[in-house]
Amino acid sequence: MRIFMQRLLEDVHALQAMLDDDLFERGAARIGAEQELFLVDDAHRPASAAMAVLEEVDDPHFTTELARFNLEINLDPVDLFPDGLSRLERQLVSLLAKARGAAEQVGVRVLLTGILPTLEKADLSLDNMTPVPRYFALNEAARQLRGRDFRFHIKGQDELTLKHQSVMLEACNTSFQVHFQVDAPRFARLYNLAQVASSPVLAAAANSPLLFGNRLWHETRIALFQQAVDTRAVHDHRRRQRPRVSFGDRWLDDSVLEIFREDISRFRLLLSDRLEHDGPLKVLARGELPELEALRLHNGTVYRWNRPCFGVHDGIAHLRIENRILPSGPTVIDEIANGAFWLGLIKGLEQEVGDIRQHLSFATARENFLAAARLGPKAQLHWLGDRVVPVTELVAQELVPLARAGLETLGIQPQDRDRYLDVIEQRMDTGRTGSQWLLDSMVGMGKGGNRSESLGHLAAATRIRQEEGHPVHTWPLARWREVRGWERHYRSVGTFMTTDLFTVQEDEVIDLVANMMDWQKIRHVPVEDAEHRLVGLITHRTLMRVLVRHQMDQPEPVAVRDVMQKQLITVDPDTPTLEAITLMREKRISCLPVVEGDKLVGIVTERDFMELSAQLLEEFLGRDGGVEEPNEDPISDEGAERGSAGSP
């Protein structure tokens, strides 16, 4: 590790020498991109098939990601003038078609979305980590630095609090990362403008509002990714530490070196590698360009939302700004439009304001970024001229025209400028980002079925519309039972158990249980301790016996602990549904508490199974009776009626 750190420091000195000697390419307007994606099965649940798909596709543009259910496509860099954006789109469409073909050969499908709605915590075990040593080394190093489990807390419309044992929650996120090559002398100014542009672009591009069924931020990836790789240990509240994922702390003043020096000073090495070749200063002395491998490796473990990148292309060194804020999906044209908006806005702002440091504080820019992530198109941003402006108004009236001018400066042909920026403009006119479509679809489907089924419908409807290729602002909302295969979402207990539980503790009075059952129309009340460990159960039948004795004998108030059932039969969320049904029938019980370890996480009751049986019969008899019309898509079911699944 010490040898690697020495090489890392040498790389920084070599980079300084290269900047001083003006060894970087100038005048090139070039972009590239990375497309991350999910692999899903027929139920639109994550499919751990990345290695099989890679083998089938056999193309160097494709590579692994952290999880077995993710892949990444690296697009070739292209010159922007005059049709670079449309060429990027054509290549991405072609490579995605190749990915879909390979995926179908191994029995899975491709889905572009910021966070897959059907993901469950159980999908994020180390068993699903891609079998590449670097990923396991990264996880172990992060755990050692943190010194405890990873803890997450995100609050939006709903609130999510959980802990996890690895960095695998990072795999919930997929993005569309745009790389913009810039001249080294202008890097600081353009990087600052890229930071400012990020907020309105993120608000307009949001596509990740759901995590484990919870409605959180419009772009939940921002909060989740920061916490997923946060290596900070518990420390005194007076000490300020920056996370490895951040927007930054200040404007750049002079050069890219400010970022690299700060990140090396702040963040310990997570990964190192054996570097066999000569040091970078020796390479420079020979008149050659060093690869700066140590610097690039360390930079790859510090996740600024706009990240500086060094590279050598065709024997010429260059600098890039990597935009990491954009989510994957909803469609290719939406993604290219988001990238075009960001690029055009950077150039437009450069022409209009020049040095952004004279017009906006960094604290305001960072506040805008968080507001955009939380609220998407509903955010209000603090903008130039000391104004607070709604995002939809700011983007449509000021920033889209500014981005058009910026793209014109970059030499983008008029038809491409109009094609992509019209998508942004119409998205703001309708207010329908990818996130808003998902949230509106959830509301539109109501409470027709269990959470897993609803999320499966969202993922399936997303894929179908995505493959049609029309931008998200034109999409009709997802409909209940729009696709066949909904019954797959009932294969395990965890997919339809009730998780919104009414519970009591041992020392409470039984009269509270009686009133809860009456008020909430339930027949089973779990008993848990202060740590949410299951310790007992009160059923409606038990309650009736107690109340009869209570009326006859008129004793003192009865404590829950004195009458609760203590010898309980439980299942875990992964228990197959048929196994749970058999267990309840054989043991002649009316409910099964669901636990993870000793913690109560849900409950299933005989009523749940009755309603599930009714839905399956309705589906089976309706299909066999010729009620439903066939659809061209083999999994679609346009004519199905809305179903329902109740609580216990």
**OP:** Check the range 274-287 and report whether any residue there is closer than 30 Å to A372 by Cβ and without any contact (Cβ under 8 Å) to a residue 24 or more places away in the chain.
**Re:** no
**OP:** Could you please find all residues in the range 502-521 being open to solvent by 40 Å² or more (accessible area, probe 1.4 Å) and part of a helix (DSSP H, G or I)?
**Re:** D511, L512, N515, D518, W519, Q520
**OP:** Tell me which residues, restricted to the range 448-470, are buried (at least 21 other Cβ atoms within 10 Å of the Cβ) and more than 17 Å from L210 (Cα to Cα).
**Re:** G449, Q466
Original post:
Tell me, which helices (runs of 4 or more DSSP H) lie completely within the range 183-273 with 2 or more residues that are farther than 25 Å from D149 by Cα and either in contact with a helix residue (DSSP H, G or I) (Cβ under 6 Å, 6 or more places away or on another chain) or open to solvent by 10 Å² or more (accessible area, probe 1.4 Å) (or both)?
Top reply: 187-205, 257-266
Subject >> Search result, residues across the range 597-613 that are outside any helix (DSSP H, G or I) and surrounded by 15 or more Cβ atoms within 10 Å (Cβ to Cβ) >> reply: L600, V601, G602, I603, V604, T605
**OP:** May I ask you to list the residues in the range 299-333 that are of a type in the set (K, R) and free of Cβ contacts under 8 Å to residues at least 24 places away in the same chain?
**Re:** R307
**OP:** Given the conditions (1) open to solvent by 10 Å² or more (accessible area, probe 1.4 Å); (2) touching a strand residue (DSSP E or B) at 6+ places or on another chain (Cβ under 9 Å); (3) of a type in the set (F, W, Y), report the number of the one that W342 does not fulfil.
**Re:** (1)
Original post:
Which members of the range 334-382 meet the condition of being free of Cβ contacts under 8 Å to residues at least 12 places away in the same chain, more than 22 Å from S208 (Cα to Cα) and outside any helix (DSSP H, G or I)?
Top reply: S361
Subject >> Among residues of the range 383-418, those that are within 16 Å of N368 (Cα to Cα), in contact with a helix residue (DSSP H, G or I) (Cβ under 7 Å, 6 or more places away or on another chain) and outside any loop (DSSP other than H, G, I, E, B), counted >> reply: 6
Original post:
For residues in the range 65-117 being of a type in the set (S, T, N, Q) and outside any loop (DSSP other than H, G, I, E, B), which is most open to solvent (accessible area, probe 1.4 Å)?
Top reply: Q105
**OP:** Can you run down the residue pairs with Cβ atoms below 7 Å, 6 or more apart or on separate chains, where the first is in the range 125-143 and under 17 Å from A50 (Cβ atoms) and open to solvent by 50 Å² or more (accessible area, probe 1.4 Å) and the partner is outside any strand (DSSP E or B) and among the aliphatic types (A, V, I, L, M)?
**Re:** L126/M168; R134/L271
Original post:
In the range 292-326, how many are assigned to a loop (DSSP other than H, G, I, E, B) and buried (at least 17 other Cβ atoms within 10 Å of the Cβ)?
Top reply: 7
Subject >> Count of the range 423-447 residues which are more than 18 Å from T392 (Cβ to Cβ) and surrounded by fewer than 18 Cβ atoms within 10 Å (Cβ to Cβ) >> reply: 4
Original post:
Taking into account only those residues within the range 144-155 that are open to solvent by 30 Å² or more (accessible area, probe 1.4 Å) and under 27 Å from R374 (Cα atoms), which is modelled with the lowest pLDDT?
Top reply: D149
Original post:
Does at least one position in the range 487-497 carry a residue that is among the aliphatic types (A, V, I, L, M) and modelled with pLDDT of 90 or more?
Top reply: no
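To keep it simple, each residue is scored yes or no on (1) closer than 24 Å to R374 by Cβ; (2) touching a Cys at 6+ places or on another chain (Cβ under 7 Å); (3) of a type in the set (D, E, K, R); (4) modelled with pLDDT of 95 or more.
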residue	(1), (2), (3), (4)
T161	yes, no, no, no
T174	yes, no, no, yes
Q177	yes, no, no, yes
F180	no, no, no, yes
A203	yes, no, no, yes
H218	yes, no, no, yes
R221	yes, no, yes, yes
A233	no, no, no, no
L252	no, no, no, yes
Original post:
Pairs, please: C-beta under 9 Å, at least 6 apart or cross-chain, first residue touching a residue at least 12 places away in the same chain (Cβ under 8 Å) and in the range 86-107, second surrounded by fewer than 17 Cβ atoms within 10 Å (Cβ to Cβ) and small (G, A, S)?
Top reply: V93/G469
Original post:
Here are some conditions: (1) aliphatic (A, V, I, L, M); (2) modelled with pLDDT of 95 or more; (3) under 17 Å from H13 (Cα atoms). L297 meets all but one. Which one does it not meet?
Top reply: (2)
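Here's the yes/no breakdown for (1) among the hydroxyl-bearing types (S, T, Y); (2) more than 20 Å from S328 (Cβ to Cβ); (3) in contact with an Asp or Glu (Cβ under 8 Å, 6 or more places away or on another chain):
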position	(1), (2), (3)
L95	no, no, yes
V108	no, no, yes
S166	yes, yes, no
E170	no, no, no
**OP:** Filter the range 383-403 down to residues that are without any contact (Cβ under 8 Å) to a residue 40 or more places away in the chain and β-branched (V, I, T) and give me whichever is surrounded by the fewest Cβ atoms within 10 Å (Cβ to Cβ).
**Re:** V388
Original post:
Can you name the number of the only condition in (1) part of a loop (DSSP other than H, G, I, E, B); (2) in contact with a strand residue (DSSP E or B) (Cβ under 8 Å, 6 or more places away or on another chain); (3) open to solvent by 10 Å² or more (accessible area, probe 1.4 Å) that E34 fails?
Top reply: (1)
Subject >> Filter result (out of contact with any strand residue (DSSP E or B) (no Cβ under 6 Å at 6 or more places or on another chain) and part of a loop (DSSP other than H, G, I, E, B)) within the range 490-501 >> reply: R491, F496, D500, L501
Original post:
Before we move on, is R26 surrounded by fewer than 21 Cβ atoms within 10 Å (Cβ to Cβ) and of a type outside the set (V, I, T)?
Top reply: yes
Original post:
So H524 fits all but one of (1) open to solvent by 60 Å² or more (accessible area, probe 1.4 Å); (2) over 24 Å from E159 (Cα atoms); what number is the exception?
Top reply: (1)
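The values are calculated or read from the model by the stated rules, or taken from the named source; none is laboratory data. Please read all numbers here as calculations on a predicted model, not as lab measurements. Positions of Cβ are generated from backbone atoms using ideal geometry, with glycine treated the same way; all protein chains shown enter the neighbour counts. In case anyone asks, the SASA skips ligands and DNA or RNA and just uses the protein heavy atoms, side chains included. Shrake-Rupley method; radii C 1.70, N 1.55, O 1.52, S 1.80 Å.
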